1. Can you tell me which of ASN56, ASN46 is of a type outside the set (Ser, Thr, Tyr), modelled with pLDDT under 85, in a strand (DSSP E or B) and closer than 20 Å to TYR26 by Cα?
2. Output the residue which, of all residues in the range 98-153 that are aliphatic (A, V, I, L, M) and closer than 15 Å to SER73 by Cβ, is surrounded by the fewest Cβ atoms within 10 Å (Cβ to Cβ).
3. Can you tell me which residues in the range 131-147 are in a strand (DSSP E or B) and free of Cβ contacts under 8 Å to residues at least 24 places away in the same chain?
4. Failed condition for THR97, given (1) in a helix (DSSP H, G or I); (2) farther than 22 Å from GLY145 by Cα, with all others met?
5. Does ALA22 satisfy being out of contact with any Gly (no Cβ under 7 Å at 6 or more places or on another chain), surrounded by 10 or more Cβ atoms within 10 Å (Cβ to Cβ) and modelled with pLDDT under 80?
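The values are calculated or read from the model by the stated rules, or taken from the named source; none is laboratory data. Just so we're clear, the structure is a prediction, and the values are computed from it rather than from any experiment. Counting neighbours? That spans all protein chains shown, and the Cβs are built from the backbone with ideal geometry, glycine included.
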Amino acid sequence: MRKYFFICFTALLLFFSVNAYATDTYNTANSYLSIDAVIINGIKYNNVVLQLLSANLISMGSYAPVTVSATCSDSNFTNAIFNAITAGMTKSQVTQTIGCNNDPALTVTYGNIMVTNSWMTITPSPKLIQVFFDGTDNIVTPNDGSFKTKVGF
């Protein structure tokens, strides 16, 4: 009987355990809230972006400041992070969104017209995010309709 109870209890724990690793992001420049996934009326929506023009904070748990690593790692390159980068963001906001500093050796300046900054890791496999900024204010700016590219994920 004890063995049967243990097996049932373990099965229930495994069945009801849930792990969540996504982090939602809010862009103060354009009021966009990016959510990895949300379930509404039993339907799961992925990579949801909401523009919050007016909002009331209902509750808030604990908070922690976002730390920016000096070097990028594999965990800095996800579709959720890439999708959270939007036109109008500053370089500082993009750096906080990605969570690591860009590689200055990969920065390309085109006079005062445009700057491309790149964030990269090579371990365990090469991954890259490249973002186009205007040449004067370091604001994410579309170049021929596009303002960012990704490689390796």
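1. Exactly one residue qualifies, and that residue is ASN46.
2. ILE122
3. Of everything in the range 131-147, those that are in a strand (DSSP E or B) and free of Cβ contacts under 8 Å to residues at least 24 places away in the same chain turn out to be PHE132, ASP134, SER146.
4. (2)
5. For ALA22, the condition - out of contact with any Gly (no Cβ under 7 Å at 6 or more places or on another chain), surrounded by 10 or more Cβ atoms within 10 Å (Cβ to Cβ) and modelled with pLDDT under 80 - is met.
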